[in-house]
Structures are given as structure tokens and as C-alpha cells.
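This report concerns only the one structure given below.
The values are calculated or read from the model by the stated rules, or taken from the named source; none is laboratory data. It should be emphasised that the depicted structure is a prediction, and the values quoted were computed from it without experimental measurement. As a convention, Cβ positions derive from the backbone with ideal geometry for all residues, glycine included, and neighbour counts pool all protein chains shown.
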Amino acid sequence: MENLQRTHTIDKDETVISIKGLYKSFDELDVLKNVNLDVFKGENVAVLGKSGSGKSVLIKIIVGLLRPDKGEVIVLGKEVDKLAGKELDDLRLRIGFSFQSSALYDSMSVYQNLAFPLTMNVKHLTKKQVDVAVAEALEAVGLANKSNEMPADLSGGQRKRIGIARTLILKPEIMLYDEPTSGLDPTTSAEINALINEVQERYNTSSVIITHDLTCAKNTCNRVAMLIEGAFLKVGTFEEVFNTEDEQINNFFSYNFIQ
Amino acid sequence: MFQNRINVNSRKYLFSKGVDHYFEGVYKGYQFTLRFFKEAFKPPFHFREVINQCFEIGLKSLLLITLTGFIVGIVFTKQSRPSLENFGATSWLPSLIGIAIVRALGALVTALICAGKVGSSIGAELGSMKVTEQIEAMEVSAINPFKYLVVTRVIATTITIPVLALFCSFVALLGSYTNVHAEEASSLLMFYKNAFSNISFLDVFSSVFKSIVYGFTIGIVGCYKGFNATQGTRGVGRAANEAVVLSMFLIFFEEVIIVQVSNWIRHF
Ligand SMILES: Nc1ncnc2c1ncn2[C@@H]1O[C@H](COP(=O)(O)OP(=O)(O)OP(=O)(O)O)[C@@H](O)[C@H]1O
Ligand SMILES: [Mg+2]
């Protein structure tokens, strides 16, 4: 990890996400076949893989939006599959999930989008406290002046950032980013990458970043995991994975352009 | 033959794909309804959201219901007059119309209009929230989307549509009065008195009961279709469309049953 010039610490003794022997299929389609992964405290892990390889399915299983067919998924010491109701909600409050499509509530303004998860989960907040929390989260993503706009009036990159701000407002310990830079131009992507690193430092989160953008993986992650044919073919630092001999991985990289 | 059903994973169809999907749909709808009753009585309650939805639904359909109700009143009166005239019984007109509107038309017209207006908009709204992952976004922020979106909307339609139905009946009688008044001089008060002369408590009660059932149907069908929308934007249109078709069908079905039952009670 030393080659990355970051100040925060990764605690290799503390595993925040531990996935063992995970299988998931939809009808006749086997998506995940024996997936294993550990994410340590304070660490950013990128999951690379081509479209349709089951990356989104993987992180949806981590927050319990989908149930695994087989295998064990332990997040912050709890087995997600065994949780329900209040316990599952309590765990989810500790996890931030940034959706591939941003998933902003389009009937609500930016302010309401951020205030909604806060007021629904923390009782007896004053208007002042909510205002402060919203302003802080918007400031963290650099969009302090967009508070009154509607999601439809924002650009793709701004929507992504508001989506991230909406998860930051609950001060998560783990961040899950689903393709944070997809569909964005290189400059905006670079801003999002910087934001991901800033979140890691500022909130001391551990993150799983799903992407097929190698620049994003290279610049934000401590480790990279290659998802090919439903399983992780290789997990390691970006250089380790990039310089591998494996033909399938090299194929994947050869189609991508690196900055 | 039915033993096949135990083996869920066999991916074979019991009858045929279409028939199996139909029964699966009925079963899922039933479970959805059951879930509504389970979640509706558990805290937290989103009272403010229910009230918002009531206003939304009420205001959205008020103008349309006023116009339609008024026109139904006029047309029905115009059409009934000649046949009553044949028997020299035009004085029965108000009471005939009163019965028709209070027993049947008020609730039915309101329900059909709301199925089109409210049902489709609930289906489309929840459908687009579903396909753009907004419902999942609620779930991961530890907000129960079923409670926040479905329970509130179903309660709101169940409350608002009976109120709209009563209003519709009132306006329809008003429309009818304008027609009666054009032909013969009678006061509004006298007209309402005649109109209600043959209406029993059971009539009003079954009419209100009917519109409660219709309101619930429109809400639950719209939410069910929206909540289960799939396949992107196409799914949103389909959810809205299916919400209207299914709720109208169910409304007619329920109408027949309720009329039959209330006739039994009447003759008891
Ligand atoms: N709820 C679901 N029901 C049925 N099939 C699904 C479901 N969710 C995902 N799939 C299927 O699982 C496969 C993997 O989907 P997933 O969304 O995880 O891909 P992905 O790796 O995130 O791709 P992308 O990079 O395009 O987002 C796809 O073939 C998809 O059709
Ligand atoms: Mg995806």
C-alpha cells in the first residue's frame, strides 16, 4: 500500500466485509459462482468486470437488497442474509450506497433528497440541525449552491455527487459505489475520483468501488479485484492485477484505455 | 398432477406458461394485499404523507369529477324522461334519478374516473421509482418503501374516493335538477326531497361501502403494478396501463358482487 501517497491507515486486522463462497443465479442465469473477498477497515477496493458480469448484483447482496443462493456474507460482523427488519435497517444505516443511476428521488428537491433519509431515521431533529447536516454534506461534494434545484435540472456528474452526499449525511462506515464514473467525461470523472478519495480520508470509510473505468480503479483504490465469469480471478494491487499473465485479464485490460 | 407444484425449481409449467403466470400473478397480488394489512397497523405511521396524498388525489380528480357528475345527471335525466312520460309518471323522475345516482352511478362513475386518473398516475409514479432504483434507494437508507409509498397511497385512495363519490352524487343530482327545472318549475329543495324520498339507509350505506372498496382497489392495484414494474421505461407505461385495466375490471366485478349481496339483505 505504501506506493499510494495517502495519509489514512488501513487496518489489516479488521475485516469490514467478508464474502465466502458466494453463489447467486437468476432463473437459468448463473451470475456469481464462488465469489470470495475480504475488505479491510479503511480500504478502498475496486471491483472490475465487464458489463453484465454481476458487479451490481454483488454489492446489492452486500446491503441485503438481493439474497445469496449460497455462501456467507458478513458485513461489520453481521451475517446480512440472516438479518431482517430493525437489525437489517441498523446495519444499512452504517452503509452508504451510491447507485449506478444515482437514484435521486425526482419528486423532491436536492435539499429534500438529503434531508429525507436523515429525518426518517433520526427522530426529533430541529430544522436547524437538518439544515446544518445538509449543508455539510453538500459542501463535502462541492455542490453547496444546488440545494434548491430539482434532480432533473442537474447534470449527470452533479446527480452522482448529490447521490453520494445523500449517503454521506448518515455518516456511513462503508461506502459502496456502483460505477461512480460511468457516462461521465474524463474531467468530471477525475473530480468524482478525487471525491471518493476525499470521502475515504474525511469520513474514514472502507469502500467497494464497482467500475469498468481503469483510471478510476487506479486512482482511488488500494486493491483491485477482477470479476470474470462470476468469480474473482485475481485480487491484489492495481499493478499486480494489471501485470498479470492471465489471458482473460489481459483481454479485459487491452480493451481499456488508461490515462 | 398437482404434485408438480411442490418442486418449485423444476422450471416446468403446471398447465402452460400463460396460465401459470396468470395464477402466479393472482397469488402475488394476494400476498401484496396481505402485506398491506400487516404493515398498515405497525408503526411508524406516516400521517403527513397520507394527508399529502389525499390532497393530491382529491385535487387531481376534483374538476373532472365535477364535470362528469354534472353531465351524467343531465344526460340520465334527459334519457329517462321520455319513457316516464309514456306512463304519465314524470313526477317520479326525481326519485328515479335519486335511486340511480345514489345506488349506482355516483360511486361507479367516480371509481372509473379515478381508476383512469389516480390509478394510472400511482402506477406510473411508483413504476418509474422502481425502474430508476429509487425504491431500492429508500430501502438502503433504512426507510421501508412499502410503508412510505404503498401504505400511504392506499389509505389515501380509500379515504378520498368515497368522499369524491358522495360529492359526485351531489353534483349529478344538481345536474339533473337543472334539466328538471328547465322543463317544470320545481325548487331545488323540493327536488332533493323527492330524490331522497325512496332512498334508504341501506342504499347510502352500500354506496359508501362500495366506494371504499373501489378506493382500496384503485390504490392497491396501482401500487402493485408500479411496485412490480420491470424493464425500464417501457415497464412504466405498462404499469400505468395495466393498473387502469385491472382496477376497472375489478371494480365491475366488485360492483356485481356488492349489488347482489345488498339485494339479498334488502329482501331479507
Ligand atoms: N433482479 C434481477 N432479476 C433477474 N436478473 C437479474 C437481476 N439483476 C441482475 N440480473 C442479471 O444479472 C446479470 C448481472 O447483472 P449486473 O447488473 O450485476 O451487471 P453489472 O456487472 O452491474 O453490469 P453493468 O456494468 O452493465 O452495470 C445480468 O445479466 C442481469 O440481467
Ligand atoms: Mg451494474
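Can you spot a residue in region B:47-57 that is more than 20 Å from A:T119 (Cβ to Cβ), away from chain A (no Cβ under 14 Å) and touching a residue at least 12 places away in the same chain (Cβ under 8 Å)?
yes
Pick out the one residue from B:Y177, B:Y148 that is within 30 Å of A:L168 (Cβ to Cβ), surrounded by fewer than 24 Cβ atoms within 10 Å (Cβ to Cβ) and either in contact (Cβ under 8 Å) with a residue 12 or more places away in the chain or not β-branched (V, I, T) (or both). Outline the logic, then answer.
On the way: B:Y177 fails: within 30 Å of A:L168 (Cβ to Cβ).
Only one candidate qualifies: B:Y148.
Just give me the residues in region A:38-50 being crowded, with 21+ Cβ neighbours inside 10 Å and in a strand (DSSP E or B), in sequence order.
Passing the criteria: A:V39, A:N44, A:V45, A:A46, A:V47, A:L48.
I'd like the full set of residues that are in a helix (DSSP H, G or I), in contact with a helix residue (DSSP H, G or I) (Cβ under 8 Å, 6 or more places away or on another chain) and either over 20 Å from A:V122 (Cβ atoms) or at the interface with chain B (Cβ under 7 Å from one of its Cβ atoms) (or both), limited to region A:78-88. Lay out the reasoning, then the answer.
The first filter runs over region A:78-88 and keeps only residues in a helix (DSSP H, G or I), leaving A:80-82, A:85-88.
Narrowing the set further to residues that are in contact with a helix residue (DSSP H, G or I) (Cβ under 8 Å, 6 or more places away or on another chain) leaves A:80, A:88.
If the condition is that a residue be in a helix (DSSP H, G or I), in contact with a helix residue (DSSP H, G or I) (Cβ under 8 Å, 6 or more places away or on another chain) and either over 20 Å from A:V122 (Cβ atoms) or at the interface with chain B (Cβ under 7 Å from one of its Cβ atoms) (or both), then A:V80 is the only one that fits.
Check B:F216, B:F196, B:F209 and return the single one that is closer than 18 Å to B:I99 by Cβ and either more than 25 Å from the chain's Cα centre (by Cα) or modelled with pLDDT of 90 or more (or both). So that I can check it myself, show each step before the final result.
Details: B:F216 fails: closer than 18 Å to B:I99 by Cβ; B:F196 fails: either more than 25 Å from the chain's Cα centre (by Cα) or modelled with pLDDT of 90 or more (or both).
The match here is B:F209.
Within 14 Å of chain B (Cβ to nearest Cβ), of a type in the set (K, R) and under 30 Å from A:S25 (Cβ atoms), is that true of A:R92?
Values: within 14 Å of chain B (Cβ to nearest Cβ): yes; of a type in the set (K, R): yes; under 30 Å from A:S25 (Cβ atoms): yes.
So A:R92 fits the description; yes.
Hand me the list of strands (runs of 3 or more DSSP E) wholly inside region A:154-256 holding 2 or more residues that are surrounded by 22 or more Cβ atoms within 10 Å (Cβ to Cβ). Outline the logic, then answer.
Numbers: elements: A:174-178, A:206-211, A:223-228, A:231-236.
Once the strands (runs of 3 or more DSSP E) in region A:154-256 are filtered for at least 2 residues that are surrounded by 22 or more Cβ atoms within 10 Å (Cβ to Cβ), what remains is A:174-178, A:206-211, A:223-228.
Residues are listed down the side, and each one gets a yes or a no for (1) in contact with a Gly (Cβ under 7 Å, 6 or more places away or on another chain); (2) touching a residue at least 12 places away in the same chain (Cβ under 8 Å); (3) part of a helix (DSSP H, G or I):
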position: B:A137; (1), (2), (3): no, no, yes
position: B:A142; (1), (2), (3): no, no, no
position: B:T152; (1), (2), (3): no, yes, yes
position: B:I155; (1), (2), (3): no, yes, yes
position: B:L164; (1), (2), (3): yes, yes, yes
position: B:S169; (1), (2), (3): yes, yes, yes
position: B:A185; (1), (2), (3): no, no, no
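Taking the condition under 14 Å from the mean Cα position of the chain (by Cα), more than 15 Å from ligand 1 (Cβ to nearest atom) and under 18 Å from A:I210 (Cβ atoms), does A:G96 pass?
Judged against the criteria, A:G96 is a match.
Can you find a residue in region A:107-126 that is away from ligand 1 (no atom under 13 Å from the Cβ), outside any strand (DSSP E or B), touching a strand residue (DSSP E or B) at 6+ places or on another chain (Cβ under 8 Å) and at negative phi?
As a first pass, look at region A:107-126 and keep what is away from ligand 1 (no atom under 13 Å from the Cβ): A:107-126.
Narrowing the set further to residues that are outside any strand (DSSP E or B) leaves A:107-126.
Now drop any that are not touching a strand residue (DSSP E or B) at 6+ places or on another chain (Cβ under 8 Å), which leaves none.
Within region A:107-126, none of the residues are away from ligand 1 (no atom under 13 Å from the Cβ), outside any strand (DSSP E or B), touching a strand residue (DSSP E or B) at 6+ places or on another chain (Cβ under 8 Å) and at negative phi.
Filter region A:35-77 down to the residues that are of a type in the set (K, R) and within 14 Å of chain B (Cβ to nearest Cβ), then identify the one that is farthest from ligand 1 (Cβ to nearest atom).
Going through region A:35-77, the residues of a type in the set (K, R) turn out to be A:41, A:50, A:55, A:60, A:67, A:70.
Cutting the leftovers down to within 14 Å of chain B (Cβ to nearest Cβ) gives us A:60, A:67, A:70.
Numbers: A:K60: 8, A:R67: 11, A:K70: 16 Å.
It comes out as A:K70.
Before we move on, is A:G157 within 19 Å of the chain's Cα centre (by Cα) and more than 14 Å from every other protein chain (Cβ to nearest Cβ)? Give the derivation first.
Numbers: within 19 Å of the chain's Cα centre (by Cα): yes; more than 14 Å from every other protein chain (Cβ to nearest Cβ): yes.
Yes.
Among A:D106, A:D90, which is touching a Pro at 6+ places or on another chain (Cβ under 6 Å) and surrounded by fewer than 18 Cβ atoms within 10 Å (Cβ to Cβ)?
Working: A:D90 fails: touching a Pro at 6+ places or on another chain (Cβ under 6 Å).
After ruling out the rest, the residue left standing is A:D106.
Conditions tested, residue by residue: (1) away from chain B (no Cβ under 14 Å); (2) closer than 30 Å to A:I74 by Cα; (3) under 17 Å from the mean Cα position of the chain (by Cα).
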position: A:S101; (1), (2), (3): no, yes, yes
position: A:D106; (1), (2), (3): no, no, no
position: A:P117; (1), (2), (3): no, yes, no
position: A:L138; (1), (2), (3): yes, no, no
position: A:L143; (1), (2), (3): yes, no, no
position: A:N148; (1), (2), (3): yes, no, no
